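Remarks on the structure that follows.
Since every read-out is calculated from the coordinates, none of them should be taken as a lab result. This structure is a prediction, so every number in the text was calculated from the model and none was measured. Here the Cβ positions follow ideal geometry from the backbone for every residue, glycine too, while neighbour counts run over all protein chains shown.
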Amino acid sequence: MELPPGYRLRAPEIEDGAAIADMLNEETVALTGVPVASVEWVTTAWTAPGARLDRDFGVITDEGGAIAGYFMLAFEPPHTTVFVIAAVALSHHNRGIGSAIVAEVERRGRELAAGHDDVTLRIGALAGEPRVAALLTAHGFREVRVFWSMTLRFDGPPPPPADVAGIDVRTLVPGQERQVYECAAAAFEDHWGDGFSSEQSWLHRHVHASDTFDPELWYLAWEGELLVGVLLAAAESGEDPELGYVAWLGVRREARGRGIGEALLRRSFVKFYELGKLGAQLVVDSESSTGADRLYERVGMTAQPRFANWDRALLPAD
């Protein structure tokens, strides 16, 4: 990796988690007014099944050893997209580090995708960040998707969810995690993107390595013995600890249109209010093919652009 003089690249170490989260949040607070990264979010990726610190992650440090940049890559089935998240510390902007990261993640992406054809290099960034937009545009990327942060602030006790005929909503019983994954994967079939995470990766992030996993905040919609809808929540949003957070909501295609998603969502609102939260927050695809954004607007949530995905074909080596 060709870095400006005084900078070096190394693999992350477990004690880097807090410093990396702080670096990421310094930028997000400056641009959006809110933090979006937690230490858990940073370090959970490092222990994911199949992840390698020396191959899939990189930390850039300055002459004093302070963290000046960070990047991560993921290449999961169906192996059509190398997904990247990267950032440069605010005080180290305009020194060529961003261009060096783009070159390095493309080089590593080619190694990860060796033997696979027509692979896309996708970089996730903050939405509306002009410097990142200029950098990625100059390297041939185009913005392909925007994701919204949606928020509802309670003005009183949220109304209880309506009953849905034939549907029984219960919280998670330990041992049902695999059924939740299967339902979530089925619900995700219509969504834009590169398919769904593997079972091992998904359970690692949401259960095994999660500090916020709480079975009492996972709501499962059963139709007889079939799980048709799931909602995963956490008691605290990373952007605002006064808000509860809906981490995931999905309903199987054949069960949509019956109000199951809204019933699960409203149930989480009631729970958040009982926990003393002032509202709820989640992130959604602004062009959701399932109409999730319209559901959230219908229950009173308001949207603000938060993240964007930028794509370019993964180019062969010169």
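Roughly how tilted is helix 97-112, in degrees to the nearest 10 and between 0 and 90, from the longest Cα axis of the chain?
With both axes taken from Cα atoms, the answer is about 70 degrees.
Given H placed on each backbone N at 1.01 Å, which residues far from Trp248 in sequence or on other chains put an amide H within less than 5 Å of it?
Leu232
List the residues, sorted by chain then number, that are 5 or more residues from Phe154 or on another chain and whose placed amide H is less than 5 Å from its amide H.
Counting only residues 5 or more places away or on other chains, the set is Gly279, Ala280.
Given a Förster distance of 22 angstrom, what is the FRET efficiency for His139 paired with Met1, based on the Cβ-Cβ distance and rounded to 0.05?
The computed FRET efficiency comes out at 0.90.
Round to a whole angstrom and tell me the spacing of the C-alpha centers of region 250-318 and region 1-74.
Distance between centres, Cα-based: 27 Å.
With a/c under 1.5 counting as rounded, go ahead and sort region 82-177 into rounded, prolate or oblate using the C-alpha gyration tensor (a ≥ b ≥ c being the square roots of the eigenvalues; past the cut-off, prolate if a/b is larger than b/c, else oblate).
Because a/c hits 1.5 or more and a/b exceeds b/c, region 82-177 counts as prolate.
With Cβ to Cβ distances under 14 Å as the rule, what net charge do the other residues near Gln200 carry (K, R +1; D, E -1)?
-2
Per residue, how big is the convex hull of the chain when only Cα atoms are used? Give it in Å³.
Enclosed volume per residue, from the Cα hull, is 134 Å³.
Which angle from 0 to 90°, rounded to the nearest 10, does the C-alpha axis of helix 177-187 make with the longest principal axis of the chain?
Here the helix axis deviates by roughly 80 degrees.
Hey, can you grab everything whose amide H is under 5 Å from the amide H of Ile85? Only 5+ residues off in sequence or another chain; H modelled, so Pro and N-termini drop out.
Amide H to amide H, under 5 Å and 5 or more residues apart or across chains, Ile85 pairs with Met72, Gly124.
If you take every residue apart from Val146 with its C-beta less than 15 Å away from the C-beta of Val146, what net charge results, scoring Lys and Arg +1 and Asp and Glu -1?
Counting the neighbours of Val146, the net charge comes to -2.
What list of ³J(HN,Hα) couplings, whole Hz, do you get for region 135-148 from phi and the Karplus terms 6.51, -1.76, 1.60, once you set θ to phi - 60° and write x for glycine and proline?
My calculation for region 135-148 gives 4, 5, 4, 5, 9, x, 8, 9, 6, 10, 7, 10, 10, 9 Hz in order.
Roughly how tilted is helix 260-274, in degrees to the nearest 10 and between 0 and 90, from the longest Cα axis of the chain?
90 degrees
Find the centroid of the Cα atoms in region 222-245 and in region 138-160, then give the distance between the two in whole Å.
That distance is 16 Å.
Can you run phi through the Karplus equation (6.51, -1.76, 1.60; θ = phi - 60°) for region 198-210 and list ³J(HN,Hα) in whole Hz, with x for Gly and Pro?
Each residue's phi maps through the Karplus curve to give 5, 4, 4, 5, 5, 5, 4, 6, 8, 10, 5, 10, 8 Hz.
Tabulate in residue order the Karplus-calculated ³J(HN,Hα) for region 5-19, using 6.51 cos²θ - 1.76 cosθ + 1.60 with θ = phi - 60°, rounded to whole Hz; enter x for Gly and Pro.
x, x, 10, 9, 10, 8, 6, x, 10, 4, 6, 6, x, 5, 5
Test of understanding: in a Gaussian network model of the chain with alpha carbons linked when under 10 Å, which of Gly229, Gly128, Gly261 would top the mean-square fluctuation ranking?
Evaluated over the chain, the most mobile residue of the options is Gly128.
If a/c stays under 1.5 just call it rounded; otherwise compare a/b with b/c (prolate if a/b is bigger, oblate if not). Do that for region 150-306, with a ≥ b ≥ c from the square roots of the Cα gyration tensor eigenvalues.
rounded
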